[in-house]
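The values are calculated or read from the model by the stated rules, or taken from the named source; none is laboratory data. Computed from a predicted structure; not experimentally measured. A quick note on method: Cβ atoms are made from the backbone with ideal geometry, for glycine too, and the neighbour counts reach across all protein chains shown.
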Amino acid sequence: MNKKLEQRFLEEVDLLQGGNAYLRSVKNVSDIIAQESFSKEELITLLQAEGQERALLFDAAHARKIEFVGKQVYFRGLVEFSNICSKDCLYCGIRKSNEKVIRYEASDEEILGACRFAWENRFGSVVLQSGELSSPAFTERVDRLLKAIKQLSNEELGITLSCGEQSRETYQRWFESGAHRYLLRIESSTPDLYNQIHPQNVHHSFEKRLECLQLLKDCGYQVGTGVMIGLPFQTMEHLAADLLFLKKLDVDMVGMGPYIEHEDTPLYVFRDQLKTKQERFDLALKMIAALRLLMPDINIAAATALQAIDPAGREKALKIGANVIMPNLTPCDFRKEYQLYEDKPCLDEDAELCRNCLEARVEMAGGEIGYGEWGDSRRFVNRRQGSSH
């Protein structure tokens, strides 16, 4: 072979090998879902899956859910006991500066009545949720409620709190009085995006949010957080980073759903930049499925916001990875005033109707309700057992 032909042959071999290397580096969905860990680029591929590849992702997530957490779906009776909030988050309908909101505080009797309903109907656990307040009076009230809930249920009801940023002392006090799970959503794990959707002041600090999540872990809680999907300015890279953040933080539970705009918030001016609601819904399902593959033994909630877009939204989430659902036990008189976003469903269903509706939804999704069970995160249980040896 003369020199020119030899050189050309070698160049073509190099090109061919380079091309093969490139093809090997660009994995398709069927390759990725067989793995147990994922890069940011691989997660982006999953989030962009359409058609048959989307179906493969959902099937894999369902299989992983059954393998690690089973068919059980756990009820968390949701009691939104106050919409008074000290925060001014730019996306939230109950933000402090929204003067159109009628503020309320449910009475102790109303809160305990809702918790008694949950106990008598074997929900297993309740979630006490409020706007973010931090004061001695608020700390004392939540503490008193925790003790009363434990007393009325013979210590049987599990309790999750979602009451925002607090001091280590407050978290510890509430933990010792009976709360064992805490949900504190980060909304975005990317500091720049977090700052775009929150006011720029000391009351809305990304660093403070992270610090509180760590404090909760230190106190012994099962820790939950979550993000909004489809925010203005948000990219696929942001969402993939969110998934990796959840993995790195080693959370026990996640509540995340589509961003739904509210006309009485500053972010509403960017509504023309948003994906359609259906696109946000589809992306939220893919986030849930990808998270189930990434963290197969955690609890994942089927967010109510899904049902605000698709009447069967929560069933669809249960089918592809979620295993927690939250019947709304907030007294009906207050529900319309606890709208973090528009078109919130189930505003006029009493607790009995809500329970019957969700029982049917779980059954349609092929699940089994874990009546009377706390439904602790398998990840939390396994971590605790591991540390005891």
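Does segment 240-265 hold any residues that are surrounded by 15 or more Cβ atoms within 10 Å (Cβ to Cβ) and over 21 Å from N323 (Cα atoms), and which are they?
Within segment 240-265, A240, A241, I260, E261, H262, D264, T265 qualify.
Scan segment 251-307 for residues that are more than 30 Å from L215 (Cβ to Cβ) and among the acidic types (D, E) and jot them down.
Correct list: E261, E263, D264, D272, E279, D282.
Tell me, which residue of segment 160-172 that is under 25 Å from the mean Cα position of the chain (by Cα) and over 15 Å from V223 (Cα atoms) is surrounded by the most Cβ atoms within 10 Å (Cβ to Cβ)?
Within segment 160-172, the match that is surrounded by the most Cβ atoms within 10 Å (Cβ to Cβ) is T170.
Residue-wise test of (1) touching a Gly at 6+ places or on another chain (Cβ under 9 Å); (2) not aliphatic (A, V, I, L, M).
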| position | (1), (2) |
| --- | --- |
| D218 | no, yes |
| Q234 | no, yes |
| L244 | no, no |
| G255 | yes, yes |
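Here is a list of conditions, (1) part of a loop (DSSP other than H, G, I, E, B); (2) at negative phi; (3) touching a strand residue (DSSP E or B) at 6+ places or on another chain (Cβ under 8 Å), and H204 meets all of them except one; can you say which number that is?
Here H204 clears every test but (3).
Among residues belonging to segment 325-341 that are in a helix (DSSP H, G or I) and either in contact with a helix residue (DSSP H, G or I) (Cβ under 7 Å, 6 or more places away or on another chain) or not basic (K, R) (or both), point out the one that is farthest from V79 (Cα to Cα).
Taking the candidates together, the pick is D333.
For segment 122-147, which positions are charged (D, E, K, R), under 18 Å from S167 (Cβ atoms) and not in a helix (DSSP H, G or I)?
If the condition is that a residue be charged (D, E, K, R), under 18 Å from S167 (Cβ atoms) and not in a helix (DSSP H, G or I), then E132 is the only one that fits.
Quick one: which helices (runs of 4 or more DSSP H) sit completely within segment 26-83 and have at least 1 residues that are at pLDDT 95 or above, under 18 Å from the mean Cα position of the chain (by Cα) and not basic (K, R)?
The helices (runs of 4 or more DSSP H) meeting that bar are 40-47, 51-69.
Which one of the conditions (1) surrounded by fewer than 16 Cβ atoms within 10 Å (Cβ to Cβ); (2) modelled with pLDDT of 95 or more does P199 fail to meet, given that it meets all the rest?
Failed condition: (1).
Output the residue which, of all residues in segment 144-159 that are hydrophobic (A, V, I, L, M, F, W, C) and surrounded by 20 or more Cβ atoms within 10 Å (Cβ to Cβ), is farthest from Y371 (Cα to Cα).
Filtering first and then ranking leaves L145.
Suppose the filter is surrounded by 20 or more Cβ atoms within 10 Å (Cβ to Cβ) and touching a His at 6+ places or on another chain (Cβ under 6 Å); does T190 pass it?
Judged against the criteria, T190 is a match.
Looking only at residues that are in a helix (DSSP H, G or I) and of a type in the set (D, E) in segment 275-324, which one is surrounded by the fewest Cβ atoms within 10 Å (Cβ to Cβ)?
Once the filter is applied, the top-ranked residue is E279.
For segment 67-98, enumerate the residues that are closer than 17 Å to E187 by Cβ and not polar (S, T, N, Q).
Listed by number, the residues that qualify are C85, K87, D88, C89, L90, Y91, C92, G93, I94, R95, K96.
For P232, work out the one condition from (1) at pLDDT 95 or above; (2) outside any loop (DSSP other than H, G, I, E, B); (3) surrounded by fewer than 24 Cβ atoms within 10 Å (Cβ to Cβ) it doesn't fulfil.
All conditions pass for P232, except number (2).
Residues in segment 127-143 that are within 30 Å of E263 (Cα to Cα) and surrounded by 17 or more Cβ atoms within 10 Å (Cβ to Cβ): how many?
Total meeting the criteria: 8.
Show the residue pairs meeting these rules: Cβ distance below 9 Å; 6+ apart or different chains; first residue within segment 358-374 and closer than 17 Å to G321 by Cβ and free of Cβ contacts under 8 Å to residues at least 60 places away in the same chain; second residue part of a helix (DSSP H, G or I) and aliphatic (A, V, I, L, M).
Final answer for the pair search is R361/L318; M364/L318.
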